[in-house]
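Data first, discussion second: the structure below is written as structure tokens.
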Amino acid sequence: MFFKKYSDKINNFRRRPGSFGMSFSYLMRLLIVLAFFKAFLDQKWIVVFLCSLALVLTFLPLLFKRKYNILIPAEFELIFVLFIYTSIILGEVHGYYTKIWWWDVLLHSFAGVTIGFIGFIIMYIFYFKNLLHTSAALIAVFSFCFALALGAIWEIVEFTIDSSLGFNMQKSGLVDTMWDLIVDALGALFTSIIGYVYVKFNKGFIINRLMANFVKKNPELFKN
């Protein structure tokens, strides 16, 4: 009887949409909190600052929900929180950017894809509601430019932090910045192509499920 009840609880958890994603997001936040307290006890104030920044950023999806009434699907939140953890905690705090040569390339590619998708959603909502007369090609171009612009802004942030706080986020300076932007552009290009195919032909081997979940969570955004 005990094992049957336990098994039923596990099965219900598995069937619940987004259960794994939400649980994993909470786990990432818990790890950030533990890293914060360890750094605080060790008086590593730069690490304390980075952990605080990472923890605040992980709650941005909740801010969008409360302030703009936009519900972020669990898959989106998981991707976002995982990116914050791998870039700030693993990358900066644990030094993965210097220990693993491809870590920076991987994360900037991922950032380009993710931010490009956010740009695509913004334009697609306007397009779907007939608030903007545009084409699939222009939506793709906007997605690409949106991701590249935010990538450039992030490089400015890195430069500012390095200059004012003595960090070394840009590593090799100009070379690191240019390769980051190139990789951002490649990731953004990937998303732009997929977004174009989705709008033009209503197909997309990756974007279909993501868009379906986002529309399901926010039906009011897609009412004409």
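Quick rundown of the values:
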{"item": "Centre separation in Å (Cα based) which lies between the range 128-202 and the range 53-75", "result": "20 Å"}
{"item": "Distance violations [Cα-Cα > 32 Å] among LYS67/LYS171; LYS44/LYS67; LYS67/LYS129; LYS171/LYS200; LYS200/LYS223", "result": "LYS67/LYS171; LYS44/LYS67; LYS171/LYS200"}
{"item": "Label assignment, volume of the Cα convex hull per residue in Å³ derived from the structure, set (i) 136; (ii) 167; (iii) 119", "result": "(ii)"}
{"item": "Listed residues HIS133, HIS94, HIS108, most fluctuating in the chain (Gaussian network, C-alpha, under 10 Å)", "result": "HIS133"}
{"item": "Mean Cα-pair separation over length for the chain, i.e. relative contact order, pairs under 8 Å, 6 or more apart, %", "result": "20 percent"}
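Every number here is computed from the coordinates shown, using simple stated rules; none is lab data. Quick caveat, the model's predicted, so the values are computed rather than measured.
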